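Trainee: Structure incoming, see below.
The numbers here are math on the coordinates, done by the rules we state, and not lab data. Treat the numbers as computed from the prediction; the structure is a model and nothing was measured. When we count neighbours, we look across all protein chains shown, and the Cβ atoms used for this are built from the backbone with ideal geometry, even at glycine.
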Amino acid sequence: MADHNPTRDEAWQLLNAYNSTESLIKHALAVEGVMRHMAERAGEDPEAWGIIGLVHDLDYERFPDQHCAKTEEILRERGWPEDDIRAVVSHGWGLCSDVEPLSLLEKTLYAVDELVGFVTACALVRPSRSVMDLDVKSVQKKWKQKSFAASVNREVIEKGAAMLGVELGVMIGEVIQGMRRVAPRIGL
């Protein structure tokens, strides 16, 4: 099958074909929202960036030990563009992939993926359980507590922010803004 530009509907169908866990689907929707927000801020295509965000963890539920590699295989079989495949695989750089994020899209996905998880954890411990009243200062306070959301790889987030040349606080603010756009869909 020749490369084609996948639609959001195709990406959504694919995500749901490989994932049934509510938390993984909400994470995909959150990353999609943040990627769309970041694309708009950078003057890039929000649809293209959003689609990458939506499918970035496509294989995680079924193939956690082959994370990124299996997604590459699935997308390639379906004729997805090589740039899209590369972008998705690069978000696992240094963890489950040796594909270094190079483009602005790739660096952004790498930087925001783990941070979306951290911001989600911060929102869930608030009385409101929402990102709508979450601020950067609250997230930074939790950041310093190493036991809070201990499974989140803070080093990846810091490396991603550095790649983008953005201060961590600024990136946290952008992620919160992006997540607010999809708050009803992600239950936050």
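Trainee: Please arrange Glu77, Glu106 by how many other C-beta atoms lie within 10 Å of their C-beta, fewest to most.
Mentor: Numbers: Glu77 9, Glu106 22.
Least to most surrounded, the residues fall as Glu77, Glu106.
Trainee: Determine the relative contact order of segment 8-183: mean sequence separation of Cα pairs under 8 Å and six or more apart, normalised by residue count, in whole percent. Please report the intermediate quantities before stating the final value.
Mentor: On the way: 240 pairs, mean separation 40.4, N = 176.
Across segment 8-183, relative contact order equals 23 percent.
Trainee: Continuing with the same structure: What is the extension gain from Asp83 to Met132, computed as 0.36 nm multiplied by their sequence separation minus the C-alpha to C-alpha distance, in nm to one decimal? Kindly include the intermediate steps, with their values, before the conclusion.
Mentor: Values: separation 49, 0.36 × 49 = 17.64 nm, distance 3.36 nm.
Value of the extension gain: 14.3 nm.
Trainee: Using only the Cα atoms, work out Rg/Rh for segment 128-177, with Rh taken as the Kirkwood radius, to two decimals.
Mentor: On the way: Rg = 11.2 Å, Rh = 11.6 Å.
Answer for segment 128-177: 0.96.
Trainee: Of Ser97, Val55, Val31, which is farthest towards the positive pole of the chain's charge dipole, taken about the Cα centre with +1 and -1 on the beta-carbons of Lys, Arg and Asp, Glu respectively?
Mentor: It is Val31.
Trainee: Gln140 to Cys96: extension gain in nm, 0.36 nm per residue of separation minus the Cα-Cα distance?
Mentor: Numbers: separation 44, 0.36 × 44 = 15.84 nm, distance 2.72 nm.
Once the chain is fully extended between Gln140 and Cys96, it gains 13.1 nm.
Trainee: Above 21 angstrom, tally the Cα pairs of segment 8-183 and express them as a % of all pairs, no decimals.
Mentor: Working: 6702 of 15400 pairs.
Counting pairs separated by more than 21 Å, the tail of P(r) holds 44 percent.
Trainee: Grab the Cα-Cα distance for Glu167 and Asn16, subtract it from 0.36 nm times how many residues apart they are, and report the gain in nm with one decimal. Provide the component values of the computation, followed by the final result.
Mentor: Details: separation 151, 0.36 × 151 = 54.36 nm, distance 3.44 nm.
That pair, Glu167 and Asn16, stretches by 50.9 nm at full extension.
Trainee: By counting other Cβ atoms within 10 Å of each Cβ, how are His67, His91, His4, His37 ranked from fewest to most?
Mentor: Working: His67 19, His91 30, His4 11, His37 24.
Ordered by Cβ neighbours within 10 Å, fewest first: His4, His67, His37, His91.
Trainee: To the nearest 20 debye, what is the magnitude of the charge dipole of segment 1-155 about its Cα centre, counting +1 on the Cβ of each Lys and Arg and -1 on the Cβ of each Asp and Glu? Don't skip to the end; give the middle numbers.
Mentor: Working: 18 positive and 27 negative charges, 226 e Å.
The calculated dipole for segment 1-155 is roughly 1080 debye.
Trainee: Can you tell me the dipole magnitude for segment 1-91 around its Cα centre, using point charges on the Cβ only (Lys, Arg +1; Asp, Glu -1), in Debye to the nearest 20?
Mentor: 200 debye
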